[in-house]
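What follows is a short report on a single structure.
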Amino acid sequence: VQLQASGGGLAQAGESLKLSCAASGLTFNRYTLGWFRQAPGKDREFVATIRYNSATYYADSVKGRFAISRDNAKNLVYLEMNSLKPEDTAIYYCAADSSLILSSIRRHDQYDYWGQGTQVTVSS
């Protein structure tokens, strides 16, 4: 399984960015796909997840600003990030797992596969 994240970059506060994660080597539509982020000196934290049935879940810090979606035909998962804030600055990682139970979707240690990360920097 390979996950390749892209779309990060530099944005000003209030602007938008869209991340993509291309997956290969898996039966994509059976997987839960998640986005996590890690800022310098901090633990990796949950951002959003979309399950195999397209149910979505968000961290409170991004709810209403970020949107996760998936394209099963193209094996892609997206993270649309709007109204960006400086505190959104981090490396963003996509992750995948086929056997997560609902209570585990926010736990980064429960995902089997990870992409390499893409840097998002938001200036004030």
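The values are calculated or read from the model by the stated rules, or taken from the named source; none is laboratory data. Everything numeric here is computed off the predicted structure, so don't read it as measured data. Note: ideal-geometry Cβ built from the backbone for every residue, glycine included; neighbour counts use all protein chains shown. We work out accessible area using only protein heavy atoms, side chains counted, and drop any ligands, DNA or RNA first. Shrake-Rupley method; radii C 1.70, N 1.55, O 1.52, S 1.80 Å.
Can you compute the FRET efficiency between D109 and N72 using 1/(1 + (r/R0)^6), with r the Cβ-Cβ distance and R0 = 25 Å? Round to the nearest 0.05.
0.45
Using a Gaussian network for the chain with springs between C-alpha atoms less than 10 Å apart, which of these wobbles most: V62, V77, V47?
Most flexible of the set in this elastic network: V62.
Mind giving me the nanometre distance, one decimal, between the label points for A13 and Q119, set 7 Å out from Cα along Cα→Cβ?
2.2
Work out from phi, with θ = phi - 60° and the Karplus expression 6.51 cos²θ - 1.76 cosθ + 1.60, the ³J(HN,Hα) of each residue of region 18-29, listed in order in whole Hz, and give x for Gly and Pro.
Using θ = phi - 60°, the values come out as 10, 9, 10, 9, 9, 10, 8, x, 9, 7, 4, 6 Hz.
Sum up the charges of everything whose Cβ sits under 15 Å from the Cβ of S83, counting Lys and Arg as +1 and Asp and Glu as -1, but leave S83 out.
Summing Lys/Arg as +1 and Asp/Glu as -1 gives -1.
Using DSSP, restrict attention to beta bridges with both residues in the chain and report what percent are antiparallel, rounded to the nearest 5.
The antiparallel fraction comes to roughly 90 percent.
Using a 1.4 Å probe, what is the accessible area per residue for the chain, in Å²?
On a per-residue basis, the chain sits at 50 Å².
For the chain, set up a Gaussian network in which alpha carbons nearer than 10 Å are linked by springs, and say which option among K42, K85, K63 fluctuates the most.
Of the options given, K42 has the highest mean-square fluctuation.
Can you check how the C-alpha radius of gyration of region 1-104 compares to 2.2 N^0.38 Å, as a plain ratio?
1.03
Straight-line reach from K74: which lysines fall under 27 Å, measuring Cα to Cα and dropping same-chain residues less than 8 apart?
Partners found: K18, K63.
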